[in-house]
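The values are calculated or read from the model by the stated rules, or taken from the named source; none is laboratory data. The structure presented is a predicted model; accordingly, all values stated were derived computationally and were not measured. Neighbour counts run over all protein chains shown; Cβ positions are idealised from the backbone, glycine included. Each accessible area value is taken on the protein alone, full model and side chains, heavy atoms only, with ligands, DNA and RNA left out. Shrake-Rupley method; radii C 1.70, N 1.55, O 1.52, S 1.80 Å.
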Amino acid sequence: MSLSYRSTRGNGGEISSLEAIVKGIADDGGLFVPSNIEKIDKSMEELQEMDYQSLAYYIINKFFPEFTKEELLNCVNNAYDDKFDTKEIAPIVEQLGVNFLELFHGSTLAFKDMALSILPYLLKTSAVKLGIKDEIVILTATSGDTGKAALEGFRDVDGIKIIVYYPQDGVSDVQKYQMITQEGKNTHVVGIKGNFDDAQNGVKEAFNNKRFNEELKKDGFVLSSANSINIGRLVPQVVYYFHSYLELMKNNKISNGDKINVVVPTGNFGNILAAYYAKEMGLPINKFICASNENNVLTDFFETGIYDRKRELKLTDSPSMDILISSNLERLLSALSGGDANLIADLMNQLTDKGSYEIPESIKSKLGDFYGGFASQDDTSKTIKYVYEKSKYVIDTHTAVAYSVYEKYKEITEDDTVTVIASTASPFKFTRSVSEALGIEIDGKSDFELIEELSSKTGLEIPKPIEGLGDREILHKTVCEKDEMIEAIKNILKS
Ligand SMILES: *Cc1c(COP(=O)(O)O)cnc(C)c1O
């Protein structure tokens, strides 16, 4: 069966995976979805013999059939190499009777590395295959994690430049230093005098400004994005759900065919959607447990079928999940509605126009595999402390949200299915909150001092990517007003 991509909102017809990766988002504002999801055609025993890279090739090939074997293997091998601090790439660690799937062993210590280390190669290969001659300029606004992961992923990739905008006073010290000390001849980092929304709006404006884009085209440049709605970011995330299942089989914690639960700390709904795609391919998953922080739009949604973003955004200790519009939910609704583009377009218009929508009963009745829950700030901090005291295992704030929701789920349902928790960041990435939860005095100390203290208290080694971070040379000093972002791009491309 051949596979193509089309917009969740319908208009624009069928395109290849290559075009979907390069375009990122459809012209009608919808997201690209595959026409069908292929089932795996090898047994779990066969898959078990594969290393992470071979498994990644096998799974990704099912979604992106236009890549030759050589091209895709090249992408996979360049992505999942010794940038990761363990050969397993995504190890499983059992603590307190639950399995933590550690997705933070890449170069920026958060799970975004799992996709952003391969996206540049997928994008580059797609552009070459489509005969695109222009130099690709990746524009990204970041609230902290995505920007650094994109910079690392795209650094020194030929034919691509990357420009990252961050709110000058809106990210943690660790996040800021990770970005402004970024090496690579094609990387550019610009601080914005404004907040994350200002940075994001500036990027959207650059994409939508026709004259600016025509000027760029004349100079041989074309803009693209590394945003989490790009299908090239979603598909590589399917791999580690298979990987975790195979690891559990290897360790005799489950038998082939047994169902597992997955718990995912959720923001934009990308990571948990990848688990859903894995199930569609044939991975035996019982429940998808969707964990939110105090921005609990999704918890309400799974309870009522009403998605309502009309509320104040709360700034929490799990900032990568501080989000009111979970973009990738659109892909789930598209799948559950059998690809009803008119319905999806209507729901998304309602979300834009009045801030909420209610899904019809026909879709609601298909949400039974999902469970939504949320953790308060207090739950999160207590969970970090509890897990550490019980097992000496240190988890970050996002993973703590997931664990806390899982505990509540188990209490209510008494479901004792073997469970995998997606562990999305290293505790060192959110040192301040983790240190505070563990009772370390944080007042008057910099993030860099706290990294040292967290390490000595817990005996955990400081991860290489942030070792000595505060002493590194600052390579990116540009700061601009929020309405000067297009000028900043022009200056960068001229130099
Ligand atoms: C991005 C991120 C999340 C949320 O993932 P989504 O795919 O957006 O749902 C959770 N935890 C961490 C640490 C992240 O960086």
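Restricting to segment 368-402, name every residue that is in contact (Cβ under 8 Å) with a residue 60 or more places away in the chain, open to solvent by less than 10 Å² (accessible area, probe 1.4 Å) and assigned to a helix (DSSP H, G or I).
Once the filter is applied, which keeps residues that are in contact (Cβ under 8 Å) with a residue 60 or more places away in the chain, open to solvent by less than 10 Å² (accessible area, probe 1.4 Å) and assigned to a helix (DSSP H, G or I), segment 368-402 yields Thr380, Val387, Thr397, His398, Thr399, Ala400, Val401, Ala402.
Gln175 fails exactly one of the following numbered conditions: (1) over 20 Å from Tyr52 (Cβ atoms); (2) out of contact with any Leu (no Cβ under 8 Å at 6 or more places or on another chain); (3) outside any strand (DSSP E or B); (4) more than 16 Å from the ligand (Cβ to nearest atom). What is the number of that condition?
Unmet condition: (4).
Among (1) touching a residue at least 24 places away in the same chain (Cβ under 8 Å); (2) farther than 30 Å from Val128 by Cα, where does Ala149 come up short?
Unmet condition: (2).
When only residues in segment 453-483 that are assigned to a helix (DSSP H, G or I) and under 20 Å from Met179 (Cα atoms) count, which is farthest from the chain's Cα centre (by Cα)?
Result: Asp471.
Test Gly170 against the criterion of being open to solvent by 10 Å² or more (accessible area, probe 1.4 Å), on the phi > 0 side of the Ramachandran plot and more than 18 Å from the chain's Cα centre (by Cα), and give yes or no.
no
In segment 262-297, what residues are of a type in the set (S, T, N, Q) and surrounded by fewer than 24 Cβ atoms within 10 Å (Cβ to Cβ)?
Correct list: Asn268, Asn286, Asn295, Asn296.
For segment 1-49, give me each residue that is open to solvent by 10 Å² or more (accessible area, probe 1.4 Å), assigned to a loop (DSSP other than H, G, I, E, B), in contact (Cβ under 8 Å) with a residue 40 or more places away in the chain and not small (Gly, Ala, Ser).
Hits for segment 1-49 are Leu3, Arg9, Asn11, Ile25, Asp28, Ile37, Glu38, Lys39, Ile40.
I'd like to verify a number: residues in segment 247-261 that are open to solvent by 40 Å² or more (accessible area, probe 1.4 Å) and assigned to a helix (DSSP H, G or I), how many?
1
Name the one entry in Val189, Val203, Val235, Val222 that is more than 23 Å from Glu484 (Cβ to Cβ) and not acidic (Asp, Glu).
Val235
Would you mind finding the one in Thr86, Thr140, Thr125 that is away from the ligand (no atom under 16 Å from the Cβ), in contact with a helix residue (DSSP H, G or I) (Cβ under 6 Å, 6 or more places away or on another chain) and β-branched (Val, Ile, Thr)?
Just a single option satisfies the conditions, and that option is Thr125.
Somewhere in segment 225-239, is a residue away from the ligand (no atom under 16 Å from the Cβ), out of contact with any Cys (no Cβ under 8 Å at 6 or more places or on another chain) and not small (Gly, Ala, Ser)?
No.
Identify all residues within segment 99-109 that are closer than 19 Å to Gly147 by Cα and either crowded, with 24+ Cβ neighbours inside 10 Å or more than 16 Å from the ligand (Cβ to nearest atom) (or both); write none if there are none. Before the answer, list the steps.
Restricting attention to segment 99-109, the residues satisfying the condition of being closer than 19 Å to Gly147 by Cα are 103-109.
The answer is Leu103, Phe104, Gly106, Thr108, Leu109.
Restricting segment 312-337 to residues that are away from the ligand (no atom under 12 Å from the Cβ) and charged (D, E, K, R), which is most open to solvent (accessible area, probe 1.4 Å)?
Filtering first and then ranking leaves Glu312.
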